[in-house]
Amino acid sequence: MSYKAEYIWIDGTEPTAKLRSKTKILPDGAEPPLWGFDGSSTNQAVGEASDCVLRPVFTCPDPIRGGDHRLVLCEVHLPDGTPHPTNNRAKLRPVVERFAAHEPWFGIEQEYTFFQAGRPLGFPDTGFPAPQGPYYCGVGADEVFGRAIVEAHLDACLAAGLPISGINAEVMPGQWEFQLGPGGPLEISDALWVARWLLYRIAEDHKVVATLDPKPVKGDWNGAGAHTNFSTKAMRESYAPIITACEALGERLKEHIAAYGHGIEERLTGRHETAPWNEFSYGVGDRGASVRIPWQVEADGKGYLEDRRPNANCDPYEVTRLLIDTCCTALEKAGQL
Ligand code: ADP
Ligand code: MN
Ligand code: MN
Ligand code: MN
């Protein structure tokens, strides 16, 4: 007998990469092997030298097909075995190794928006719904839109064994969030890409589009982010390392903003629970700061920080790499391991 392996990878679309996938039939019990694809159709190669290599890095049960079928997340490599330039996971791996002693953990809050017929789900055919206020964590057909998809996605993530930790309806109609973690940088980033794929795939069956557009509706409507909660062993044990990390983030503002997702200037305006993209701030319980220290963390004198800046459309391999590099370098300088 055989099983279906859905090979999933991240393409080379600019400015924001897309997910791609295709199916390979494998003999029962066989490990998913290397495979190839036409890189000239994914912005990853030119026609004359179009072969790209798929290298499986994470697999889990396929909750859509069920049975013994599997999802297979891949890194993209060149035929000579070196990482493709679009392979951001390969850039994260050495940083994870270098700072492994810090035991970094991440929890990512993925916000997203459902669209149907070119409008956010729940928006009237013309004009706008009532202003924001009742929708966040709401209940009732006049306040939440798309719950059946969201529940199906949550069940799928659980069946796949992904480290999903919660869901909630967001501030704009048709906008939702799921949380992953806490867990290690590769574990959480891989899981986020698979969870995104599942979201698109399940919404497809409902004839709804899920988008990670960071500002899906211009004007007085919340954008969509990917708040990234971060801690190291030292931060989970005492408070001073959390402050060291916050200060370090302020010193590398530009580098972080450049890697936190296309269109970030449109979302981080200083309104709608954001800080301006070109100013750095941190504060306890402050949802208008770039980085928030949760009140419970201050009360406990240890825990984690929340970088509120990453866009919904960010690449978690980039975001986790920069957070580890910036914060762990500063912690080492301060002797706070
Ligand atoms: P918010 O109040 O910002 O909406 P959420 O409950 O949506 O918070 O998300 C909190 C996130 O923090 C979760 O993803 C969780 O995994 C993560 N988290 C909790 N503890 C830690 C920790 N010590 N290190 C990193 N992330 C953590
Ligand atoms: Mn949240
Ligand atoms: Mn949120
Ligand atoms: Mn948050």
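What to note about this one:
- Of all residues in segment 84-109 being over 15 Å from the mean Cα position of the chain (by Cα) and among the acidic types (Asp, Glu), the one that is surrounded by the fewest Cβ atoms within 10 Å (Cβ to Cβ): GLU97
- Subset of segment 224-275 (residues that are of a type in the set (D, E, K, R), over 17 Å from LEU305 (Cβ atoms) and surrounded by fewer than 19 Cβ atoms within 10 Å (Cβ to Cβ)): LYS254, GLU255, GLU265, GLU266, ARG271
- Unmet criterion (only one of (1) part of a strand (DSSP E or B); (2) open to solvent by 50 Å² or more (accessible area, probe 1.4 Å); (3) closer than 26 Å to HIS262 by Cα) for LYS4: (3)
- Test: residue in segment 265-282 that is within 16 Å of ligand 2 (Cβ to nearest atom), assigned to a strand (DSSP E or B) and within 18 Å of GLU111 (Cα to Cα): no
- Of all residues in segment 175-190 being more than 16 Å from ligand 2 (Cβ to nearest atom), in a helix (DSSP H, G or I) and over 17 Å from ASP11 (Cα atoms), the one that is least open to solvent (accessible area, probe 1.4 Å): PRO185
- Residue within segment 127-143 that is in contact with a helix residue (DSSP H, G or I) (Cβ under 9 Å, 6 or more places away or on another chain), in contact (Cβ under 8 Å) with a residue 12 or more places away in the chain and not aliphatic (A, V, I, L, M) present: no
- Selection within segment 68-111 - without any contact (Cβ under 8 Å) to a residue 60 or more places away in the chain and aromatic (Phe, Trp, Tyr): none
- Residue in segment 147-163 that is closer than 21 Å to ARG321 by Cα and within 16 Å of ligand 1 (Cβ to nearest atom) present: yes
- Residue list for segment 133-174, filter: open to solvent by less than 50 Å² (accessible area, probe 1.4 Å) and within 16 Å of ligand 4 (Cβ to nearest atom): ILE164, GLY166, ASN168, ALA169, GLU170, VAL171, MET172
- Filtered residues of segment 243-264 (kept if closer than 14 Å to LYS218 by Cα and part of a helix (DSSP H, G or I)): ILE264
- Whenever a residue of segment 162-173 is hydroxyl-bearing (Ser, Thr, Tyr), its partners that are open to solvent by 20 Å² or more (accessible area, probe 1.4 Å), lying with C-beta atoms within less than 9 angstrom and at least six residues away or across chains, give the pairs SER165/GLN179; SER165/PRO182.
- Selection count where residues are open to solvent by 40 Å² or more (accessible area, probe 1.4 Å) and closer than 20 Å to ARG89 by Cα, scope segment 23-37: 3
- Within segment 295-307, tally of residues that are open to solvent by 10 Å² or more (accessible area, probe 1.4 Å) and either among the small types (Gly, Ala, Ser) or out of contact with any Ser or Thr (no Cβ under 6 Å at 6 or more places or on another chain) (or both): 7
- Residues (of a type in the set (S, T, N, Q) and open to solvent by less than 50 Å² (accessible area, probe 1.4 Å)) located in segment 110-129: GLN110, THR113
The values are calculated or read from the model by the stated rules, or taken from the named source; none is laboratory data. Fair warning: this is a prediction, and the values are worked out from it, not measured in the lab. Counting neighbours? That spans all protein chains shown, and the Cβs are built from the backbone with ideal geometry, glycine included. Side chains are part of the model used for accessible areas, which takes the heavy atoms of the whole protein and leaves out ligands, DNA and RNA. Shrake-Rupley method; radii C 1.70, N 1.55, O 1.52, S 1.80 Å.
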